[in-house]
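The values are calculated or read from the model by the stated rules, or taken from the named source; none is laboratory data. These numbers come from a predicted model, not from an experiment. Reconstructed Cβ throughout: ideal geometry from the backbone, glycine too, with neighbour counts over all protein chains shown. Accessible surface is based on the protein model in full, side chains and every heavy atom, while ligands, DNA and RNA are left aside. Shrake-Rupley method; radii C 1.70, N 1.55, O 1.52, S 1.80 Å.
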Amino acid sequence: MSADDSVILETRELTKAFGGLVAVNTVSVTVRKGEPHAIIGPNGAGKSTFVNLLTGHLPPSSGRVLFRGRDITGLPTHRISRLGIGRSYQKTNIFPTFSVFENCRLAAQSRLSTSMRFFRPAVTLAEVNRQAEQAMEQAGLAARRDRTAGTMSYGEQRQLEIAMVLATRPELLVLDEPLAGMGKEESERMVALLKGLAAQYSLVLVEHDMDAVFSLAATLTVMVNGTLLESGPVEQIRASQAVQDAYLGDGAEAY
Amino acid sequence: MTRLPRPAAIVLLALLALLAAYPLYGSLLFPEKYAFLLQKVTGIMILAIMAMSLDLLVGIAGMVSLGHAAFFGLGGYMLAILSPQYEAADIWVALPLALATVAAVSAVIGALSIRTNGISFIMITLAFGQMGYFFFNDSRLAGGSDGAFIYVMPTVEIAGVSLLNLESKLTFYYVVLGAFVGAFLLLRMVLASPFGRVVQAIGVNENRVRGLGFDPDRYKLVAFVIGATIAGLAGFLGAAQYGFVNPAMLSWHQSGQALVMVILGGTGTLFGPALGAFVLELARMGFESVTEHWLLPMGLFVIAVVVLLPKGVAGLLLQLERKPPPEAEDGA
Ligand SMILES: Nc1ncnc2c1ncn2[C@@H]1O[C@H](COP(=O)(O)OP(=O)(O)OP(=O)(O)O)[C@@H](O)[C@H]1O
Ligand SMILES: [Mg+2]
């Protein structure tokens, strides 16, 4: 398929209709390794729906998704996760009654060839524990190890959301608004974390916060009403008149 | 669920001691009622096994089943079917065959049910349970609606040497006690395993489990089969105890009663539903001994427990352990 090795993810005319509403309309984008890719667009533009199509949470109406040149269109969510796409959610999606460690441990356990193991206690799987500890460390949650996840602050729960994704050892991170609802301080901590991740992983980032986007992304895709308005290097998009008019306003406020 | 909370451990050990020593003090304390109570408690332990097995589905995996008695009844019927008339069955043949049959049937029913959630799952399991009921009610396989007798207890022999004489009520009592403790330990082991952790996570947030790369349906199906098979063991023991099976063993009343035990005891804790079986059955015995209109006070009792202890008996024990931690209040 894609002869270009640097391409990790590609969509071809990806479309999703909910009845008469076309939430994602023939969107074709290319994500390359080492080029953090941000997706921006106003509320209801179809960003989360697009993410759901990438990760198998929704089946597309038409079009294709290729991951490392392999057609993954229509594969179930858990298969896509195991292929190496790790996804975080716009609305916090954790196991609130489990400890922080157990949230991450379970995520790491998902990389076993099978979890149909009935006899040995799960906590004795040393390699799984190590991956979980490492993910907590990376996400800055090591000190919260034994806290019940649902009792932590909102910002910490968002960090846990990321830690769980990291514990699955993905190749590509798809993060849906990791900064959503965060205060200033929490946001700064998260942006620092994301910067570290952008250096290590291939990244697709959906985000409203323009400061964060411009400091993190190399490539930018702008969506409006389900359609792709423009996609390309950040500088090109910033200079684009169409994007200025449709989305970024008069520039000053975007910064 | 990794560590048993201290108050629960204390209550369970006390219960175990009371059960194990019953033959010692029972005949001294209430000689007239000794044999009657021995029988009763044997029956309660069997129901406790069933309640724990249902908790795996309802409380832990989040699958509310109203058809669990089908597997209880099937386990019992298998003993009746495998027992030659007026002769003893060989337990080494009858028990594995009974459990394998329950496992196989539950795998089929599970595969057809687990894709649904919530009310649909309740309705489907209820429908399968009733199908099981009418299967034995209307067929000539084992006495139809009249049921069937098991005249002789199965033998437990190795190389022709009898290890246990199940005809002895006392021996059978200890066998059931062993099965009760064994089922509890087995389920706890399973819950601590990688498999068990996935099943618990499904009960909390199934979609996130899927997003992490697990196929929840496979884990739910295996949990369903494990729970059904343990219920089948309870039914097998129940049939052996009473020497009789009838279609009522599979009825939705029986399923509902097990569900009440699970809820009363505290869902998702295993030990709670076991205690729930004792609380419910002892309360029933108490009311029965006072009035023949015991159903009314019994109903009020269940309502009172559910209202006063929303998380069941287990919730009460868990509260004893941790005074609400102050840190639980901050954050979102
Ligand atoms: N499951 C669904 N069924 C029907 N309509 C849906 C569904 N999911 C999303 N939509 C609609 O599709 C459109 C795009 O929604 P989507 O959540 O993808 O937007 P978004 O760009 O992520 O917005 P936001 O910035 O607010 O998160 C909206 O009009 C939404 O109402
Ligand atoms: Mg969104």
Reported set for the range B:59-82 where residues are crowded, with 24+ Cβ neighbours inside 10 Å and assigned to a loop (DSSP other than H, G, I, E, B) is B:A61, B:M63, B:S65, B:G67, B:H68
Go through the residues of the range B:19-36 one by one and say whether even a single one is under 19 Å from the mean Cα position of the chain (by Cα) and more than 30 Å from B:I158 (Cα to Cα). no
Within the range A:21-62, the count of residues that are near ligand 1 (Cβ under 7 Å from one of its atoms) and among the small types (G, A, S) comes to 6
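Yes/no matrix, rows are residues, columns are (1) among the hydrophobic types (A, V, I, L, M, F, W, C); (2) closer than 30 Å to A:R82 by Cβ:
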site: B:N137; (1), (2): no, no
site: B:G144; (1), (2): no, no
site: B:I150; (1), (2): yes, no
site: B:L164; (1), (2): yes, no
site: B:K169; (1), (2): no, no
site: B:S193; (1), (2): no, yes
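Within the range A:1-88, considering only strands (runs of 3 or more DSSP E) that don't extend past its boundaries, which have at least 3 residues that are within 16 Å of ligand 2 (Cβ to nearest atom) and surrounded by 15 or more Cβ atoms within 10 Å (Cβ to Cβ)?
Details: elements: A:7-18, A:21-27, A:30-32, A:37-40, A:62-67, A:85-88.
By residue number, A:21-27, A:37-40.
Is at least one residue of the range A:63-84 within 16 Å of ligand 1 (Cβ to nearest atom) and within 14 Å of chain B (Cβ to nearest Cβ)?
Just the residues of the range A:63-84 that are within 16 Å of ligand 1 (Cβ to nearest atom), to begin with: A:63, A:65, A:77.
Cutting the leftovers down to within 14 Å of chain B (Cβ to nearest Cβ) gives us A:77.
Yes, that holds for at least one residue.
One line per residue, one yes/no per condition, for (1) in contact (Cβ under 8 Å) with a residue 24 or more places away in the chain; (2) at negative phi; (3) assigned to a helix (DSSP H, G or I):
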site: B:Y151; (1), (2), (3): yes, yes, no
site: B:S162; (1), (2), (3): no, yes, no
site: B:E167; (1), (2), (3): no, yes, no
site: B:T171; (1), (2), (3): no, yes, yes
site: B:V199; (1), (2), (3): yes, yes, yes
site: B:V209; (1), (2), (3): no, yes, yes
site: B:F214; (1), (2), (3): no, yes, no
Picking from A:E127, A:E137, the residue that is more than 8 Å from every other protein chain (Cβ to nearest Cβ), open to solvent by 30 Å² or more (accessible area, probe 1.4 Å) and closer than 27 Å to A:E35 by Cβ would be A:E137
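Farther than 13 Å from A:V204 by Cβ and within 15 Å of ligand 2 (Cβ to nearest atom): is that true of A:N93 in this structure?
Working: farther than 13 Å from A:V204 by Cβ: yes; within 15 Å of ligand 2 (Cβ to nearest atom): yes.
Against the criterion (farther than 13 Å from A:V204 by Cβ and within 15 Å of ligand 2 (Cβ to nearest atom)), A:N93 qualifies.
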Only unsatisfied item for A:L112, checking (1) surrounded by 20 or more Cβ atoms within 10 Å (Cβ to Cβ); (2) closer than 22 Å to B:F195 by Cβ, is (1)
For the range B:294-309, pairs from a residue that is surrounded by 12 or more Cβ atoms within 10 Å (Cβ to Cβ) to a residue that is of a type in the set (S, T, N, Q), with Cβ under 9 Å and 6 or more apart or across chains, are B:P297/B:T291
The condition from (1) open to solvent by 50 Å² or more (accessible area, probe 1.4 Å); (2) over 21 Å from the mean Cα position of the chain (by Cα) that B:E206 misses is numbered (1)
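Quick check, is A:V100 open to solvent by less than 30 Å² (accessible area, probe 1.4 Å), more than 8 Å from chain B (Cβ to nearest Cβ) and within 16 Å of ligand 1 (Cβ to nearest atom)?
Numbers: open to solvent by less than 30 Å² (accessible area, probe 1.4 Å): yes; more than 8 Å from chain B (Cβ to nearest Cβ): yes; within 16 Å of ligand 1 (Cβ to nearest atom): no.
Criteria not met by A:V100.
From B:A192, B:A179, B:A142, grab the single residue that is within 14 Å of chain A (Cβ to nearest Cβ), crowded, with 16+ Cβ neighbours inside 10 Å, in contact (Cβ under 8 Å) with a residue 40 or more places away in the chain and out of contact with any Ser or Thr (no Cβ under 6 Å at 6 or more places or on another chain). Walk me through how you get there before you give the answer.
On the way: B:A179 fails: within 14 Å of chain A (Cβ to nearest Cβ); B:A142 fails: within 14 Å of chain A (Cβ to nearest Cβ).
Being within 14 Å of chain A (Cβ to nearest Cβ), crowded, with 16+ Cβ neighbours inside 10 Å, in contact (Cβ under 8 Å) with a residue 40 or more places away in the chain and out of contact with any Ser or Thr (no Cβ under 6 Å at 6 or more places or on another chain) holds for just one of B:A192, B:A179, B:A142, which is B:A192.
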Result of the Cβ filter at 9 Å on the range A:183-208, keeping first residues that are touching a residue at least 40 places away in the same chain (Cβ under 8 Å) and partners that are within 16 Å of ligand 2 (Cβ to nearest atom) and open to solvent by 40 Å² or more (accessible area, probe 1.4 Å), at least 6 apart or interchain, is A:V206/A:Q90; A:H208/A:P42; A:H208/A:N43
The condition of being within 15 Å of ligand 1 (Cβ to nearest atom) and touching a Leu at 6+ places or on another chain (Cβ under 8 Å) holds, among A:V243, A:V191, A:V222, only for A:V222
Do we have A:T97 as of a type outside the set (A, V, I, L, M, F, W, C) and more than 19 Å from the chain's Cα centre (by Cα) here?
yes
By residue number, the members of the range B:225-259 that are under 24 Å from B:P194 (Cα atoms) and away from chain A (no Cβ under 14 Å) are B:A228, B:A231
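Against the definition (within 16 Å of ligand 2 (Cβ to nearest atom) and more than 14 Å from chain B (Cβ to nearest Cβ)), how does A:D209 come out, yes or no? Quick ask: steps written out before the conclusion?
Details: within 16 Å of ligand 2 (Cβ to nearest atom): yes; more than 14 Å from chain B (Cβ to nearest Cβ): yes.
For A:D209, the condition - within 16 Å of ligand 2 (Cβ to nearest atom) and more than 14 Å from chain B (Cβ to nearest Cβ) - is met.
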Taking the range A:163-185 and keeping only residues that are away from ligand 1 (no atom under 16 Å from the Cβ), in contact with a strand residue (DSSP E or B) (Cβ under 6 Å, 6 or more places away or on another chain) and more than 10 Å from chain B (Cβ to nearest Cβ), one is left with A:L172, A:L173
